[in-house]
Amino acid sequence: MRGLIVTTALALQALAGTLSVTDIDGKELSPLRPPGPAEVLFFITHDCPISNFYAPEIQRICGQYGAKGVSCALVYVDPHLNAGAARKHLGDFGYKGIPAILDIKHKVVDAAGARFTPEAVVVGHGGQILYAGRIDNFYAGLGKPRRQATAHDLRTALEEILAGKPVTTPKTDPVGCYISPAGI
């Protein structure tokens, strides 16, 4: 198992230098090569209620940590979504100033290993994934929200990264909508 993890990490680091995508405005992005200490990729869909629930928190995280050099991007995984529909979704949920990627062929999904929406993946220098999983634990399971989140996993990981520490819990299980394979 350890050999598989090392091989996957090396493959991802090799891909980090070459993966390039464009956002919905045509700007070229390299989501696995953050310009600062880290980049948070938020995997979302326009029609997942849990993804949409997290829109305000995603914006707060991007605002707070953007001021500390952490970049963010929204990665729409919907195989049939177009730029117009993505712009409408961004407007409907008040997203501003966060690049949005249409990952129709799941290049970013596959590179980051995302499986659900919403899922946060934090990428460090050289394409190393430093954290992957839930934003927080507000949802105990599908249809099982808590009164409030008691663990803020993504924020904790970002604080540890910014402090130069290893992430204590680099993987958590996200709760949300399953990402269907590309082309379905």
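You can think of it this way: the chain between ASP25 and GLN148 has 40.7 nm of extra reach, that is 0.36 nm per residue less the Cα-Cα gap. Computed from backbone phi, the HN-Hα couplings of region 101-107 come to 10, 8, 9, 4, 8, 6, 5 Hz, rounded to whole numbers (Karplus: 6.51 cos²θ - 1.76 cosθ + 1.60, θ = phi - 60°; Gly and Pro given as x). Straight-line reach from LYS165: taking Cα to Cα under 26 Å and skipping same-chain neighbours fewer than 8 places apart, the lysines in range are LYS68. A simple rule links phi to the HN-Hα coupling: the Karplus curve 6.51 cos²θ - 1.76 cosθ + 1.60 with θ = phi - 60°, which for region 128-134 gives 6, 7, 9, 7, 8, x, 6 Hz, with x for Gly and Pro.
Among the listed pairs LYS88/LYS144; LYS107/LYS171; LYS27/LYS144; LYS96/LYS171, those with a Cα-Cα distance over 30 Å are LYS27/LYS144. Dimensions of the chain from C-alpha coordinates, computed as largest minus smallest value along each principal axis and given longest first, are 40, 39, 35 Å.
Distant-in-sequence amide contacts of LEU130, defined by a placed amide H-H separation under 5 Å and a gap of 5 or more residues or a different chain, comprise VAL122, VAL123, GLY124. The sum of -39500 (n - 2.57) across all DSSP H runs of n ≥ 4, divided by the residue count of the chain, sets its helix-only mean residue ellipticity at 222 nm to -9000 deg cm²/dmol.
Read the figures in this text as sums done on the coordinates, not as results from a lab. Remember, it's a predicted structure, so these values are computed and weren't measured experimentally.
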